[in-house]
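The values are calculated or read from the model by the stated rules, or taken from the named source; none is laboratory data. It should be emphasised that the depicted structure is a prediction, and the values quoted were computed from it without experimental measurement. Because the Cβ atoms are built from the backbone with ideal geometry, glycine has one as well, and the counts that use them run over all protein chains shown. Heads up: the accessible areas ignore ligands, DNA and RNA and are worked out on the full protein's heavy atoms, side chains in. Shrake-Rupley method; radii C 1.70, N 1.55, O 1.52, S 1.80 Å.
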Amino acid sequence: MLDIWQEIYGTIRRNKLRTFLTGFAVAWGIFMLIVLLGAGNGIIHAFEQNASERALNSIRLGGGWTTESYDGLKEGRRIQLENKDVATTAEQFSDNVISVGATVRQSNVNLSFG
């Protein structure tokens, strides 16, 4: 048993650079493994927390842009939903829709009161 340890020690003394680089590579690999596993778990927990704050049986619709021309109008027009669309959705899909609501978003607006 002593001979094995003496051989290992002798090899380490003769090959200092290789020993250092091997040790550094092992340490770097363990460090990167810890960092990547931590980042992966952090992302998983962030998605789980984000999903837990939302209703799983809800859907949010919004306007977009047209992809085809229609009735003499060009493609690429912006679709803007209006209040009558909310009422129409509630009426036309009453079997599948429990409630319908609207959200207003506006940016770069100053509001004051009083």
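For the residues ALA51, ALA102, ALA25, a GNM of the chain with alpha-carbon springs under 10 Å puts the largest fluctuation on ALA25.
Evaluating 6.51 cos²θ - 1.76 cosθ + 1.60 at θ = phi - 60° for every residue in region 27-38, the Karplus couplings come out as 5, 5, x, 5, 4, 5, 4, 5, 5, 5, 5, x Hz, glycine and proline recorded as x. Distance between the modelled labels on PHE47 and LEU17, one decimal in nanometres: 4.5 nm (7 Å Cα→Cβ projection). In the chain, one over the average inverse separation of all distinct C-alpha pairs is 22.2 Å, which is the Kirkwood hydrodynamic radius. Once all protein chains are placed together, TRP5 keeps about 150 Å² accessible to a 1.4 angstrom probe. Dipole magnitude for region 45-114: about 280 debye, using +1 per Lys or Arg Cβ and -1 per Asp or Glu Cβ, origin at the Cα centre.
Angle of helix 2-14 to the longest C-alpha principal axis of the chain, folded into 0 to 90 degrees and rounded to 10: 70°.
Within the full protein context, the accessible area of GLU91 is estimated at about 130 Å² for a probe radius of 1.4 Å.
Helix 83-92 axis versus longest C-alpha principal axis of the chain: approximately 90°, rounded to the nearest ten. Think of the chain as having a plus end and a minus end, set by charges on the Cβ of Lys, Arg, Asp and Glu; of TRP65, VAL109, ILE43, ILE43 sits farthest toward the positive end of this dipole.
Over the chain, give the accessible area per residue in Å² for a 1.4 Å probe, as an integer. Roughly 101 Å² per residue, with all protein chains present.
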